[in-house]
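One structure is given below, encoded as structure tokens.
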Amino acid sequence: MNEIACRADPDAAVTRGPNDYKSDVKPVWCPGCGDFGVVNALAKAMARMALDPKDVAVVSGIGCSSRIPAYMSSYGFHGVHGRALAAGTGLKVARPDLTVIVTGGDGDGYSIGGNHFLHACRRNVDMTYIVMDNHVYGMTKGQASPTTEPDWDSKLSPDGTGLREFQPLVVALATGANFIARGFTGDPNGLAALIEQAVRNPGFSFLEVLSPCVTFRPEQKEWKKMVRPDEFSPTADVPRAARRLLRDTGFDLGVLYAGERPPYAPRGPRAVRAPADLEARFVL
Ligand SMILES: Cc1ncc(C[n+]2csc(CCOP(=O)(O)OP(=O)(O)O)c2C)c(N)n1
Ligand code: SF4
């Protein structure tokens with residue numbers, strides 16, 4: 001266990017290892033699901049940053065991957081399908097002192113939540129978005145998602161959908177995300193390092209994680225042979241990152257873009273009030 005003194009409480013010499021960031025709730029995921037790797041990497045990254053769990057909120061929508069908040073010892077919010085970024089944005093603006101990490105799947109984030117994805121990139125609120133992309137809707141038993149390959153033949157999409165895949169990194173770059181990277185659940189150390197960089201980079205950080213669904217896409221077990229670690233070299237130059245994406249295989253890993261755009265800061269008088277004041281304004 002990699003134990004590090006907690007930065008938030010140095011005098012008390014609190015030490016926390018990755019397991020201290022996991023809750024006692026046992027994941028209900030299928031054995032071998034890639035999402036286990038994200039819990040492990042997230043816990044490792046939190047330990048490396050010596051975050052205090054009470055200062056972290058993990059926010060999600062709905063899906064197998066969106067169960068993550070229950071498995072962490074930090075605060076968590078398991079919301080509705082496709083609205084994790086809206087909840088995370090509200091939380092971060094109301095409580096800028098918190099480290100907000102939004103998590104979910106490709107269905108949750110790119111399909112029903114696609115509009116929120118665009119505007120989260122554009123708004124550049126200082127938070128991290130981790131998408132566990134398995135190119136399928138796992139929880140609802142294997143429907144095609146926006147990142148499903150057009151020729152993926154299944155009972156629900158015989159002969160494939162024929163639809164072009166959504167390109168999350170291209171969209172994130174075009175709409176203004178301040179940090180863009182791709183990781184793989186089969187490399188927990190590399191993934192933990194990417195999560196740490198994403199959290200530390202100011203503004204909206206987007207981390208696309210290839211996370212195999214061993215039940216509905218068993219062929220994804222081959223991803224471990226297809227990924228290309230450290231393929232991206234980080235740049236703060238948007239045109240350069242865009243040119244690099246033209247030859248992306250979909251399995252290139254690393255930090256594509258680390259920008260310097262200042263994060264969103266609320267303008268004018270502080271709109272956030274004490275919960276009691278807010279309640280009083282809505283009394284009928
Ligand atoms: C408004 C609404 N529409 C549809 C659903 C059904 N639903 C639950 S999870 C899900 C897709 C999950 O896929 P993904 O986000 O890729 O996560 P995974 O389960 O693969 O991790 C859908 C369509 C829902 N819960 N709410
Ligand atoms: S159905 Fe797929 S995504 Fe869901 S827990 Fe099982 S392996 Fe993971």
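Some observations on this one:
- The relative contact order of the chain, computed from alpha carbon pairs under 8 Å that lie at least 6 residues apart in sequence, is 16 percent.
- Residue-span extension gain [residue 243 to residue 140] - 0.36 nm each, minus C-alpha spacing: 33.5 nm
- C-alpha long axis of helix 114-123 to longest principal axis of the chain, angle in °: 50
- Backbone geometry of the range 219-231 corresponds, through the Karplus equation with coefficients 6.51, -1.76 and 1.60 at θ = phi - 60°, to 3J(HN,Hα) couplings of 5, 6, 4, 6, 4, 4, 8, 9, 5, 10, x, 6, 7 Hz, x marking Gly and Pro.
- The range 12-56: proportion of alpha-carbon pairs further apart than 14 angstrom, %: 52
- Label-point separation, residue 48 to residue 14 (7 Å along Cα→Cβ), nm: 2.1
- Counting only residues at least eight positions apart within a chain, or on another chain, the lysines with an alpha carbon under 26 Å from that of residue 44 are 22, 26, 54, 92, 221, 224, 225.
- Rounded to 10°, Cα long-axis angle of helix 84-94 versus longest principal axis of the chain: 20
- Note on residue 154 and residue 122: with the Förster distance fixed at 41 Å, the Cβ-Cβ geometry gives a FRET efficiency of about 0.75.
- Percent carbon-and-sulfur accessible area, the chain, ignoring ligands, DNA and RNA, probe 1.4 Å: 55
- Between 0 and 90°, nearest 10: helix 188-200 axis offset from the chain longest Cα axis: 50
- Cleavage-rule hits, trypsin sites (Lys or Arg not before Pro), the range 136-195, DSSP coil, Cβ neighbours within 10 Å at most 12: 141, 155, 164
- Computed [θ] at 222 nm, helices only, for the chain once each DSSP H run of length n ≥ 4 contributes -39500 (n - 2.57): -8000 deg cm²/dmol
- Net +/- balance of residues flanking residue 167 in space, Cβ distance below 11 Å, scoring K and R +1, D and E -1: -2
- For the range 159-164, backbone phi angles converted through the Karplus equation (6.51, -1.76, 1.60; θ = phi - 60°) give residue-by-residue couplings of 6, x, 7, x, 9, 5 Hz, Gly and Pro being listed as x.
- Rounded to the nearest angstrom and listed largest first, the equivalent-ellipsoid semi-axes of the chain from its Cα gyration tensor are 29, 22, 21.
- The mean accessible area for residues of the chain, using a 1.4 Å probe and ignoring ligands and nucleic acids, is 49 Å² per residue.
- FRET efficiency for the pair residue 164 and residue 95, taken as 1/(1 + (r/R0)^6) with r the Cβ-Cβ distance and R0 = 45 Å, rounds to 0.70.
The values are calculated or read from the model by the stated rules, or taken from the named source; none is laboratory data. Keep in mind it's a predicted model, so treat the numbers as computed, not measured. Cβ: placed from backbone, ideal geometry, glycine included. Neighbour counts: every protein chain shown. For accessibility, only protein heavy atoms count, side chains too; no ligands or nucleic acids. Shrake-Rupley method; radii C 1.70, N 1.55, O 1.52, S 1.80 Å.
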